[in-house]
1. Quick check on the range 189-201. Is at least one of its residues polar (S, T, N, Q), surrounded by fewer than 16 Cβ atoms within 10 Å (Cβ to Cβ) and under 24 Å from SER114 (Cβ atoms)?
2. Are there any pairs, at least 6 apart or on different chains, whose C-beta atoms fall under 7 Å, with the first in the range 424-440 and modelled with pLDDT of 90 or more and the second basic (Lys, Arg) and in a helix (DSSP H, G or I), and if so, which?
3. Tell me which strands (runs of 3 or more DSSP E) are completely within the range 280-377 and hold 3 or more residues being more than 24 Å from GLN222 (Cβ to Cβ), or say none if there are none.
4. When both residues are 6+ apart or on different chains and their Cβ atoms are under 6 Å apart, which pairs have a first residue that lies in the range 231-246 and is closer than 16 Å to LEU266 by Cα, and a second that is among the charged types (D, E, K, R) and outside any strand (DSSP E or B)?
5. Going through GLY380, GLY337, GLY354, GLY386 one at a time, which residue ends up being outside the structural domain of GLU423 (by TED's automatic domain parsing) and small (Gly, Ala, Ser)?
6. Mind telling me which of the residues ARG378, ARG370 ends up being touching a residue at least 12 places away in the same chain (Cβ under 8 Å), under 24 Å from GLN213 (Cα atoms), in contact with an Asp or Glu (Cβ under 6 Å, 6 or more places away or on another chain) and surrounded by 15 or more Cβ atoms within 10 Å (Cβ to Cβ)?
7. Here is a list: THR38, THR14. Which entry is polar (S, T, N, Q) and part of a strand (DSSP E or B)?
8. Anything in the range 160-214 that is hydrophobic (A, V, I, L, M, F, W, C) and touching a residue at least 60 places away in the same chain (Cβ under 8 Å)? List them, or say none.
Amino acid sequence: MPGPPSPGQRLALTNGATLSLDQVVHEYAGKRLIFRATLEGTGPVVAKFYLGRVRQWPEWRRGVRGARALEAAGVPAPRLHYAGFEGRLSAWLCVLDWVEADEPWPPQTEALSSDLHQRLLQTLAEHHQAGLRQHDLNWLNFIPREGRLYAIDGDRVRRQRHPLDRRQARHHLLRLYASKSRLPEAEAVEGYALYCQLGGWPCSQSDGHAFLQDLRRARLRQARRVAARATRGWKHYPRTRHQAIRIIHDRRRLKPDQAAALAMALHEHGTIEARQDAEMTGALRIDLPPGPLPRLLRPWITRQAVLRTWRNALVLMRLGMPVPRPLAISWSSDGHGWLIHEWPTALETLTRLGRELDTEAKETVLERVRTALQKLARAGLHQPIGSTEELGWDGSQVWLLNPQGLRFGLPDSSHLQREAEREWKKISDLLSSVSREHAP
């Protein structure tokens, strides 16, 4: 059976050239391997292997078509040198120019410098003028060189015969800013105004406001779509099983054995306090609907409650809400489920801090609570708070600790604003009652 490609291999391509594989620069387990390589007579190149004769052929075909579209359009992009099937490796291969970044890349934060933001918009404007749409707007799909951004991945590129009109370009710009969910809304609106200027289109204040409303809806849709994929074992969130416990974890933050150990401790003892990493990790028990549950439906109801909580936590995190980062979720058929998350330094629940809050500190906390609830409402979310145990305080901001009851609505609707105000009044009363209970 053919083995996967590996560094040091030399391949004789069907066009007569020899390809030498140097090092792996990216791996998508079981699907794709990307090498820095050397092509005889050309120099440094990228060799992308799509593993599998049948299952990866559509991806390879899309990638080759996209690379050819970018090259034919005349935008900054690597040249395609070879595309074909390597029978000895049972993999599809495409070879493109190696483009070296001449500045630190990718950006380590969602915040964009004005120069980088402008370059990105100019790149999109060039692509749109050439009839191109890049549907995977990941930073790793662009490389900065000589003041321009090279589009290096054609897997999700589509081309039409005429330039994009304003409606199409606006829709693609919404896609960009929906994927960059931490970019401040004000900068996104400024970016839209700059793009209109590049395209020679007028942009009034009402146009900017309409773009902002559509952006909030697009970000909410994108966040829910990504969270739904994460419950199905997508990309960074593999699904595993340890004895009778089912687990989904973030592979970037937890190793499989770490996630299994945390889940076992929670399901056996109901706590992780005995573990060495307990100071950096928190856990939330997931509540099932009140009342008796039919025995046959209990596993299904448990699974639905757990996955809904996992999706809610990921939506809140993606939209930049003040929530601990979700690390894993676990459940068993006996009706127990746990959400495992990072526990920020100095974070305490408001119940524990109730006795220590003086009048000034309490006013500060309530102001931060109102800010957080209004931010949720603008994003199309509402978070009911049952007790002060579901809110945390780290000295600078309020944290939402229980995503189970998260509700969705229309961003910035008057209904959600009223719900946020009612929730704030309820929290104010709860905080006052906690203070009275601990008063000397």
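1. Among the residues of the range 189-201, at least one is polar (S, T, N, Q), surrounded by fewer than 16 Cβ atoms within 10 Å (Cβ to Cβ) and under 24 Å from SER114 (Cβ atoms), which makes the answer yes.
2. Hits for this filter: TRP424/ARG370.
3. 281-285, 337-342
4. That search, which allows pairs on different chains as well, returns nothing.
5. From the options GLY380, GLY337, GLY354, GLY386, the qualifying one is GLY337.
6. ARG378
7. Unique residue meeting the criteria: THR38.
8. LEU183, LEU194, LEU198 - these are the residues of the range 160-214 that are hydrophobic (A, V, I, L, M, F, W, C) and touching a residue at least 60 places away in the same chain (Cβ under 8 Å).
The values are calculated or read from the model by the stated rules, or taken from the named source; none is laboratory data. Computed from a predicted structure; not experimentally measured. Methodologically, a virtual Cβ is constructed for each residue, glycine included, from the backbone with ideal geometry; neighbour enumeration extends over all protein chains shown.
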